[in-house]
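Undergrad: What follows is a structure written as structure tokens; I'll ask about it next.
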Amino acid sequence: MHLDKKITMKQLADRLGISVNAVSLALNNKEGVSEKTRRQILQLANETGYLEQSNKYNKAFSSKNICVLIRKIYFQDMHFYSRVIYGIESQADQMGYDVIIQFMDDEINVPSCVENRKVTGIIIVGAVEKERIEMLGAYGIPMVVVDSTTYGYQVDSVLSDNRSGAFFAVDQLIRNGYRKIGFFGDLDYSLSIKERFFGYAEAMAGIMEDGSMQTALLECMKYSLLRNIEQHVLSKNTEAIAELLRTAEKLPEVFMCSNDRAAILLMNALRAQGYRIPEEIGIVGFDDMEISTMVVPALTTMHIAKKNMGMKAVQTLQWRLQNRKAKQEKIILPVEMVVRDSVLLER
């Protein structure tokens, strides 16, 4: 709460029961106080309005804050993005940063903590529009995007190896005798899903007579569902997925899915229609969420080190703060296959 009268360093010191010198050291970003005390001083200085009346200290406050932007629907996902956020927070705490989480909505705007330059960096988690990145970039605050990126605007990104991971998964299916392999995922939803689809298609091209991607794509379309999916996945609408299956031209021997949520919902819809998994139709996911081990049959999937993605984002942001003129980088983290029971594969 802001005080009616102009607050002084002594009042801050008295409120916290510390010396005026300790307050001065913290506000001037100098050594001599513990990190815990520094944070308490900066927090109180911000809450009381002291930083606003003393603009020269804003730099000390902002140097300790990271703004994390995420869509609310992602934040509610306890199986994937919560792990990424946990990695961000744990690494930030280790490096002496505080995390300010802000939700993005359909309206493209700038959070007040960015507009008032109370943060030293920005981390965006999940899909983001180019226009939003451009607007944020105009503030000159270093920025890292996690699990997404954008074309046409250079920004540091931390991504999983979606394309190679999907290629590897489908190649393993092919090696185990599968040929009718479909993709289940909404290509309009995110870059990650597009990358996974193209990894799948590249692997399928290897078994085409002419080896061409064009032939592979035509063949893939017979067995794939690629539109109007993610909205039903997010709302857990099994019946809507079952209806998509009923309108499909053909069903494959196995589905390569865009993510684990889609895979599990598809599995439920197929079973509701009487299909046995994996005997009649196999299912492969991507992400390796904890829930993948709780469903029956347990889901074969591609493992992503989600906490590590968040930690790497903070490390990348700190590197960018120290190397502002260096070229932007895309950091690709490896994935690995975890074979369980939802598809018939040699272990």
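The values are calculated or read from the model by the stated rules, or taken from the named source; none is laboratory data. Computed from a predicted model, the values in this text were never measured in an experiment. FYI the Cβ positions are ideal-geometry reconstructions off the backbone, even for glycines, and counts take in every protein chain you see. Heavy atoms of the whole protein, side chains included, go into the accessibility calculation; ligands, DNA and RNA do not. Shrake-Rupley method; radii C 1.70, N 1.55, O 1.52, S 1.80 Å.
Undergrad: Report yes if some residue within segment 160-174 is assigned to a strand (DSSP E or B), under 14 Å from the mean Cα position of the chain (by Cα) and in contact (Cβ under 8 Å) with a residue 60 or more places away in the chain; otherwise report no.
TA: yes
Undergrad: Further question on the same structure: Kindly indicate whether any position in segment 332-341 is within 30 Å of residue 120 (Cβ to Cβ) and not in a loop (DSSP other than H, G, I, E, B).
TA: Within segment 332-341 (the criterion being within 30 Å of residue 120 (Cβ to Cβ) and not in a loop (DSSP other than H, G, I, E, B)), the answer is yes, since at least one residue qualifies.
Undergrad: Looking at residue 231 and the list (1) open to solvent by less than 40 Å² (accessible area, probe 1.4 Å); (2) out of contact with any helix residue (DSSP H, G or I) (no Cβ under 7 Å at 6 or more places or on another chain); (3) assigned to a helix (DSSP H, G or I); (4) at pLDDT below 95, which single condition is not satisfied?
TA: (1)
Undergrad: Got at least one residue in segment 251-271 being in a helix (DSSP H, G or I), of a type in the set (Asp, Glu) and open to solvent by 10 Å² or more (accessible area, probe 1.4 Å)?
TA: no
Undergrad: Determine whether residue 170 is among the hydrophobic types (A, V, I, L, M, F, W, C) and over 26 Å from residue 340 (Cα atoms).
TA: no
Undergrad: Which one is nearest to the chain's Cα centre (by Cα), of the residues in segment 191-210 that are closer than 24 Å to residue 337 by Cβ and open to solvent by 20 Å² or more (accessible area, probe 1.4 Å)?
TA: 191
Undergrad: Going through 216, 269, 263 one at a time, which residue ends up being modelled with pLDDT of 95 or more and closer than 23 Å to residue 191 by Cβ?
TA: 263
Undergrad: Next up: Which residues, taken from segment 289-311, are open to solvent by 10 Å² or more (accessible area, probe 1.4 Å), aliphatic (A, V, I, L, M) and farther than 17 Å from residue 70 by Cβ?
TA: 291, 294, 295, 296, 298, 305, listed by residue number.
Undergrad: Identify all residues within segment 65-94 that are open to solvent by less than 70 Å² (accessible area, probe 1.4 Å) and modelled with pLDDT under 85; write none if there are none.
TA: 74, 77, 79
Undergrad: While we're on this one: Tally up the residues in segment 313-347 that are closer than 24 Å to residue 101 by Cβ and either touching a helix residue (DSSP H, G or I) at 6+ places or on another chain (Cβ under 8 Å) or open to solvent by less than 30 Å² (accessible area, probe 1.4 Å) (or both), please.
TA: Total meeting the criteria: 8.
Undergrad: Something else now. I'd like the full set of residues that are on the phi < 0 side of the Ramachandran plot and open to solvent by 40 Å² or more (accessible area, probe 1.4 Å), limited to segment 100-126.
TA: Within segment 100-126, 100, 101, 102, 103, 105, 106, 107, 108, 109, 112, 115, 116 qualify.
Undergrad: Taking the conditions exactly as written (out of contact with any His (no Cβ under 7 Å at 6 or more places or on another chain) and modelled with pLDDT under 95), does residue 171 satisfy them or not?
TA: No.
Undergrad: List the residue pairs whose Cβ atoms are under 8 Å apart, where the first residue sits in segment 176-204 and is in a helix (DSSP H, G or I), the second is of a type outside the set (A, V, I, L, M, F, W, C) and open to solvent by 20 Å² or more (accessible area, probe 1.4 Å), and the two are 6 or more positions apart or on different chains.
TA: Close Cβ pairs satisfying both conditions: 195/163; 196/163; 198/163; 199/163; 199/164; 202/163; 203/171; 204/219.
Undergrad: Given 139, 97, 153, which one is among the aromatic types (Phe, Trp, Tyr) and either open to solvent by less than 30 Å² (accessible area, probe 1.4 Å) or in contact (Cβ under 8 Å) with a residue 40 or more places away in the chain (or both)?
TA: One residue alone meets the criteria, 97.
Undergrad: Does residue 269 satisfy being free of Cβ contacts under 8 Å to residues at least 60 places away in the same chain, among the hydrophobic types (A, V, I, L, M, F, W, C) and over 30 Å from residue 99 (Cα atoms)?
TA: When the stated conditions are applied, residue 269 passes them.
Undergrad: Still on this model: Quickly run through segment 3-59 and pick out the residues that are surrounded by 12 or more Cβ atoms within 10 Å (Cβ to Cβ), of a type outside the set (A, V, I, L, M) and at pLDDT below 75.
TA: 29, 52, 53, 54, 57, 58, 59
Undergrad: What's the total number of residues in segment 287-299 that are without any contact (Cβ under 8 Å) to a residue 60 or more places away in the chain, within 19 Å of residue 165 (Cα to Cα) and not in a loop (DSSP other than H, G, I, E, B)?
TA: 1
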